[in-house]
Amino acid sequence: MNDASKPIPVADSDSAPFWEGCREHRLLIQRCASCKTPRFPPMRACPKCHSTLSEWFEASGRGTVYSWIVVQHPVPREVYGQDVPYVVALIDLEEGVRMVSNIIGLDPRAIGANMPVEVTFEPGEGDVVLPKFKPREAP
Amino acid sequence: MFTLRDKYAIAGLGETAYTKNSGTTVLNLAVEACQKAADDAGVPVEEIDGIISYNFGDSVPAIAVATALGIPNAGYAVDFAGGGNAANLITLTAAAAIEAGLAKSVLCFRAMNGRSGFRLGGGREFQARGITQYTAPFGWITYPQAMAMWCRRHMIEYGTTAEQLGSVAITFRENASLNERAMQREPITMDDYMASRFIVEPFRMLDICLETDGACAVLVTKAEHARDLRHTPVYIMGGAYGGGPNQGEDLFDAIRWPDHSQNYAAYIADDLWRSAGIGPQDVDLAEIYDCFTYSVIMQLEGLGFCKPGEGGPFVASGAIKRDGSLPLNTHGGLLSEAYIHGLNHVLEAVRQLRGEAGPRQIPGAEIALTTAGAMTCGSAMVLRA
Ligand SMILES: [Zn+2]
């Protein structure tokens with residue numbers, strides 16, 4: 001493990017399609033094959049109907065900012081020091097699931113509650129591609 | 001639901017010094033606190049037959065402490081995987097174990113070299129597995145970062161302000177100034193608070209609790225047994241542990257939580273008050289889990305001390321001061337006394353109910369609340385003299 005690198009997401013049997021989708025610049029979300037309820041993170045059974053049948057679909061990539069923070073004092077500093085201040089947000093996708101991501105491409109002070117955002121893809125560590133979000137025009 | 005009202009009591013308290021560098025092992029800290037708790041109760045080690053703790057892999061197993069204490073028959077030894085959610089869970093579990101006939105006298109402890117050893121705020125594993133694969137790669141790694149996200153949502157929904165957060169830090173520091181055990185006793189002003197640098201907006205340095213080396217322990221036993229011991233028993237009136245239906249994979253997992261402007265407290269309040277047979281209006285003082293200033297506001301709302309959204313104005317009104325309607329964190333809390341993961345709150349509540357809190361004693365204190373938790377799950381307990 002390289003101490004100077006950012007955390008590398010380690011795909012597992014549930015999450016592999018999600019990370020594979022990111023490499024193809026597609027935001028793939030799992031949903032229940034029985035009742036069609038989307039869920040994130042991917043997991044074995046549907047929390048709503050408990051079916052273990054699942055499928056993947058490509059989300060629109062559109063969402064809104066539910067909450068956000070501005071990291072000023074990063075941990076560890078040797079990894080994130082060059083990024084500060086950076087924004088981490090809870091994003092509500094229009095399909096009805098919530099993700100953690102970064103908001104990029106604007107001054108942190110310009111972010112507001114329920115701001116419309118859309119996905120964009122950025123290279124991460126190694127061959128990882130991360131889904132990030134940038135502002136979009138309100139519909 | 002917990003329905004053992006007044007059948008069990010806290011009979012002994014023990015703690016080490018609270019420092020930034022204990023210079024000793026976590027095992028030694030645990031043993032010191034546990035020995036003191038047994039001595040305080042006047043219970044010989046030979047009579048202790050249960051031991052419970054909680055940790056994040058940053059402490060020592062309960063059975064190791066039982067061995068080091070020389071307990072001849074630790075028939076009930078349990079380690080919970082937990083942190084700031086579990087401080088009352090262990091005392092409630094002790095009472096439940098005694099009720100079930102699994103033990104008679106149970107030590108409950110938390111020990112950690114939280115500053116010189118494993119630092120909880122210091123980040124998480126850098127191979128991001130499980131839930132952290134969806135969070136850590138985005139630089140969302142520490143507890144202050146996690147909790148600041150909840151605080152922001154409360155600000156969005158209710159207009160909660162920095163000054164309201166600051167009033168929590170200032171009040172608890174005032175209390176700490178009367179507590180010789182507190183790590184931080186220097187008074188702070190609102191100017192100090194506002195000038196305190198941002199760590200992760202909306203949190204400043206003074207919104208965030210201490211890091212501490214130390215240990216706390218309490219001895220739980222049957223009420224009738226406690227009445228024969230050295231101190232006036234402090235009775236467990238009731239308690240609750242839990243959270244909402246979407247607690248996630250660990251304490252840090254907020255992705256599935258529906259409403260980040262309320263936390264576990266809103267979900268356990270009914271069980272807590274029903275089990276104790278009282279309501280929030282009957283509480284004389286409370287030791288509320290204050291890993292961050294903001295967590296106090298959310299718990300006060302959730303447990304019914306004020307309405308949702310009114311926590312900010314409530315804490316800023318002076319109600320939480322020693323002479324207010326609901327004195328809070330009379331020892332200085334995790335923000336100013338020490339961060340022993342909430343078990344030091346239980347010790348302070350017991351001291352207040354024994355009338356042993358010295359210059360910070362709340363006159364006439366008969367019923368106290370202790371809480372532990374800030375996000376998706378937690379525990380709370382009502383104690384009476
Ligand atoms: Zn389903």
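So which of A:Lys6/A:Lys134; A:Lys6/A:Lys132; B:Lys7/B:Lys104; A:Lys134/B:Lys307; B:Lys36/B:Lys222 end up more than 24 Å apart by C-alpha?
Numbers: A:Lys6/A:Lys134 21 Å; A:Lys6/A:Lys132 15 Å; B:Lys7/B:Lys104 12 Å; A:Lys134/B:Lys307 36 Å; B:Lys36/B:Lys222 19 Å.
Violating the 24 Å Cα-Cα cut-off are A:Lys134/B:Lys307.
Could you give the nm distance between label points at A:Leu106 and A:Ser13, where each point is 7 Å from its Cα heading toward the beta carbon?
4.2
How much net charge surrounds B:Ala254 when only other residues with a Cβ under 13 Å from its Cβ are counted (Lys, Arg +1; Asp, Glu -1)?
Details: positive: A:Arg98, B:Arg152, B:Arg153, B:Arg256; negative: A:Asp92, B:Glu249, B:Asp250, B:Asp253, B:Asp259.
Charge balance in the 13 Å sphere: -1.
Check B:Asp290: other-chain or 5+ apart residues with amide H under 5 Å from its amide H, H built from backbone geometry?
When sequence neighbours closer than 5 places are left aside, the close amide H contacts are B:Leu334.
Taking the mean number of other Cβ atoms within 10 Å as a proxy for protection, how do you rank A:110-122, B:38-50, B:372-384 from highest to lowest?
Working: A:110-122: 15.5, B:38-50: 19.2, B:372-384: 28.2.
Order by mean packing, descending: B:372-384, B:38-50, A:110-122.
GluC sites (Glu not before Pro), restricted to segment A:15-116: which are DSSP loop and have at most 15 other Cβ atoms within 10 Å? The partial results should precede the final answer.
Values: sites: A:Glu20, A:Glu24, A:Glu55, A:Glu58, A:Glu78, A:Glu94, A:Glu95; in loops: A:Glu24, A:Glu94, A:Glu95.
Passing sites in segment A:15-116 are A:Glu24, A:Glu94.
Evaluate peptide A:106-114: per residue, the Cβ atoms of other protein chains within 10 Å of its Cβ; return the mean as an integer. Spell out each step's value before the answer.
On the way: counts 0, 0, 1, 1, 0, 1, 1, 5, 1.
Mean number of neighbouring Cβ atoms from other chains: 1.
Quick one: Debye curve from the C-alpha atoms of chain B, no solvent, what's log10 I(q)/I(0) at q = 0.07, 0.10, 0.11 Å⁻¹?
These q points yield log10 I(q)/I(0) values of -0.27, -0.57, -0.70.
Per-residue Cβ counts within 10 Å, from other chains only, averaged over B:266-279: what number is that?
Details: counts 0, 0, 0, 0, 0, 0, 0, 0, 0, 0, 0, 0, 0, 0.
Across B:266-279, the average partner-chain Cβ count within 10 Å equals 0.
How well do other chains shield peptide A:36-43, expressed as the mean number of their Cβ atoms within 10 Å of each residue Cβ? Numbers along the way, then the final one.
Values: counts 0, 0, 0, 1, 3, 10, 1, 2.
Neighbouring Cβ atoms belonging to other protein chains average 2 per residue here.
Would you kindly give the portion of the calculated P(r) for segment B:134-262 that falls above 22 Å, as a percent of all Cα pairs? Write down the numbers at each step before the final one.
Details: 4847 of 8256 pairs.
So the portion of pairs separated by more than 22 Å is 59 percent.
Once the Cβ-Cβ distance between A:Cys35 and B:Glu310 is put in as r, and R0 is 45 Å, what FRET efficiency do you end up with, to the nearest 0.05?
Details: r = 38 Å, r/R0 = 0.85.
Using R0 = 45 Å, I get an efficiency of 0.75.
State, to one decimal in nm², a quarter of the convex hull surface area for the C-alpha atoms of segment B:310-362, i.e. the direction-averaged projected area.
On the way: hull surface 15.9 nm².
Over every viewing direction, the Cα hull of segment B:310-362 projects on average to 4.0 nm².
When the convex hull of the C-alpha atoms of segment B:283-385 is computed, what volume per residue in Å³ does it have? Provide the component values of the computation, followed by the final result.
Details: hull volume 9.0 nm³, N = 103.
With only Cα atoms used, segment B:283-385 gives 88 Å³ per residue.
For B:Lys321, list the aspartates and glutamates whose Cα falls under 13 Å from its own Cα; do not include residues on the same chain fewer than 8 positions away.
B:Glu174, B:Asp284, B:Glu287
Which three extents, in angstrom, do the Cα atoms of chain A have along their principal axes, listed largest first?
The Cα atoms of chain A stretch 45, 42, 24 Å along the principal axes, largest first.
Taking the Cβ of B:Arg119 as the center, what net charge do the other residues with Cβ under 10 Å away carry, scoring Lys and Arg +1 and Asp and Glu -1? Walk me through the numbers on the way to the answer.
Working: positive: B:Arg115; negative: B:Asp58, B:Glu211.
With Lys, Arg at +1 and Asp, Glu at -1, the neighbours total -1.
Between segment A:1-43 and segment B:45-85, what is the C-alpha centre distance in whole Å?
Between the Cα centre of segment A:1-43 and that of segment B:45-85, the gap is 38 Å.
What are the semi-axes of the equivalent ellipsoid for the protein assembly as shown, taken as the square roots of 5 times the Cα gyration tensor eigenvalues, largest first, in whole Å? Can you show the working numbers first?
Values: eigenvalues 322, 126, 96 Å².
Semi-axis lengths for the protein assembly as shown are 40, 25, 22 Å.
Mean residue ellipticity at 222 nm from the helices of chain B, using -39,500 (n - 2.57) per DSSP H segment of n ≥ 4 over the full residue count, to the nearest 500 deg cm²/dmol? All intermediate terms of the calculation are to be shown ahead of the outcome.
On the way: 12 runs with 123 residues, N = 385.
When only DSSP H runs of four or more count, the value is -9500 deg cm²/dmol.
Kindly provide the trypsin sites (Lys or Arg not before Pro) of segment B:214-305 that DSSP labels as loop, not H, G, I, E or B, and whose Cβ sees at most 16 other Cβ atoms within 10 Å. Present the calculation step by step, with values, prior to reporting the outcome.
Details: sites: B:Lys222, B:Arg227, B:Arg230, B:Arg256, B:Arg274; in loops: B:Arg227, B:Arg230, B:Arg256.
Loop-located and lightly packed - B:Arg227, B:Arg230.
Tell me what chain A gives for mean residue ellipticity at 222 nm when only DSSP H runs of n ≥ 4 count, each as -39,500 (n - 2.57), the sum divided by the residue total, rounded to 500 deg cm²/dmol.
Numbers: 2 runs with 12 residues, N = 139.
For chain A, the value works out to -2000 deg cm²/dmol.
Cα centroid distance between segment B:346-385 and segment A:49-81, in Å?
38
All of the numbers you see were taken from the coordinates with simple rules; none came from a lab. What you are looking at is a predicted structure, and each value in this text was computed from that prediction instead of being measured. Cβ coordinates were reconstructed from backbone atoms using ideal geometry, including for glycine residues, and neighbour counts include every protein chain displayed.
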